[in-house]
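Report on the following structure.
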Amino acid sequence: MSKQIDMGRRKALSTGGIGLLALFGGASLLRPGAALAEWNKPAFTSKAVEEALNSLGATNPEESSIFIRLTVPEIAENGAVVPVGISSSLPNVEQISIMVDKNPNVLAAVFNIPEGTAAEVTTRVKMGKTAHVVALVKADGKFYRTSKEVKVTAGGCGG
Amino acid sequence: MGKPMKIRASVKEGMTEVKILMQHDMETGLRKDADGTLIPAWFITEVKAEYEGRTVLDAQFGQSISKNPYLMFMFKGGSAGEKVKISWIDNKGDTRSDEVTISA
């Protein structure tokens, strides 16, 4: 049953059928147009940074700590809440992504930056243990990355 | 329907800064409860920010984003009194939408 509903929603999304859209209006809230990308499941279920990079179309990004500023604490006492700030001085930044290389699912977030929005985001991530936070920036169609280690004294994934 | 967000938007020197605090458990699907049963994954997958009908930020989240996600970003333009709308959807199809008035 739930599968049928899901397929119905997908159909509604792809065809834009008004009846179906009305039926599943709540779930379609974020998809008024086709401009938004679907949640990138292959990228968000990646178990390794390389795999996530491939899923994002970012094979061999250029290492650059000059063009990307990654702000993370050196030591995180609470791995459940680690502040991460990423900004870039590159022109035409289109996308900013955050990864944690030792987490079970490495990709934490992908931000699509429209024209007029600053290439600067701040959020908070969970870290299971000491790991590298990787910042990936796409500018003018090209990918750049940098990373920093965060020492975690108490893991943030519970269990 | 999700719990309300706390949003602040303020404009300074032509840039509007938006700070958002969402209320969501962001369950990874890897944690176990007291009986040892896995707690199913439940997390926000997409967040969108709109100003004057156009998208100013479009984000996708994974399980690694902290519980009660925080997000800060800035966009060009915006005037005091205008509104910014934030919406999210989670992997169960639950949604939440809130609006805030830009302050000077």
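The values are calculated or read from the model by the stated rules, or taken from the named source; none is laboratory data. Quick caveat, the model's predicted, so the values are computed rather than measured. All Cβ positions, even for glycine, are placed from backbone atoms using ideal geometry, and neighbour counts span all protein chains on display. Side chains are part of the model used for accessible areas, which takes the heavy atoms of the whole protein and leaves out ligands, DNA and RNA. Shrake-Rupley method; radii C 1.70, N 1.55, O 1.52, S 1.80 Å.
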Considering only residues that are open to solvent by 20 Å² or more (accessible area, probe 1.4 Å) and touching a strand residue (DSSP E or B) at 6+ places or on another chain (Cβ under 8 Å), which ones fall in segment A:62-81? A:62, A:63, A:65, A:67, A:69, A:71, A:72, A:73, A:74, A:75, A:81
Considering every residue within segment A:123-145, establish whether at least one is open to solvent by 10 Å² or more (accessible area, probe 1.4 Å), touching a Pro at 6+ places or on another chain (Cβ under 8 Å) and either within 17 Å of residue B:59 (Cβ to Cβ) or within 7 Å of chain B (Cβ to nearest Cβ) (or both). yes
Number of the condition not met by residue B:53 [criteria: (1) modelled with pLDDT under 95; (2) facing chain A (nearest Cβ under 9 Å)]: (2)
Take the conditions in contact (Cβ under 8 Å) with a residue 12 or more places away in the chain, open to solvent by 10 Å² or more (accessible area, probe 1.4 Å) and under 15 Å from residue B:65 (Cβ atoms) and apply them to residue A:105. Does it pass? yes
Just to be sure, is residue B:66 small (Gly, Ala, Ser), open to solvent by less than 30 Å² (accessible area, probe 1.4 Å) and facing chain A (nearest Cβ under 9 Å)? yes
Assess whether residue B:79 counts as being open to solvent by 10 Å² or more (accessible area, probe 1.4 Å), among the hydroxyl-bearing types (Ser, Thr, Tyr) and part of a strand (DSSP E or B). no
Just for segment B:82-95: of the residues that are in a strand (DSSP E or B) and more than 9 Å from every other protein chain (Cβ to nearest Cβ), which one is nearest to residue B:5 (Cα to Cα)? B:86
Got a number for residues in segment B:11-33 being open to solvent by less than 40 Å² (accessible area, probe 1.4 Å) and touching a Ser or Thr at 6+ places or on another chain (Cβ under 9 Å)? 5
Count of segment A:102-122 residues which are within 13 Å of the chain's Cα centre (by Cα) and over 10 Å from residue B:64 (Cβ atoms): 6
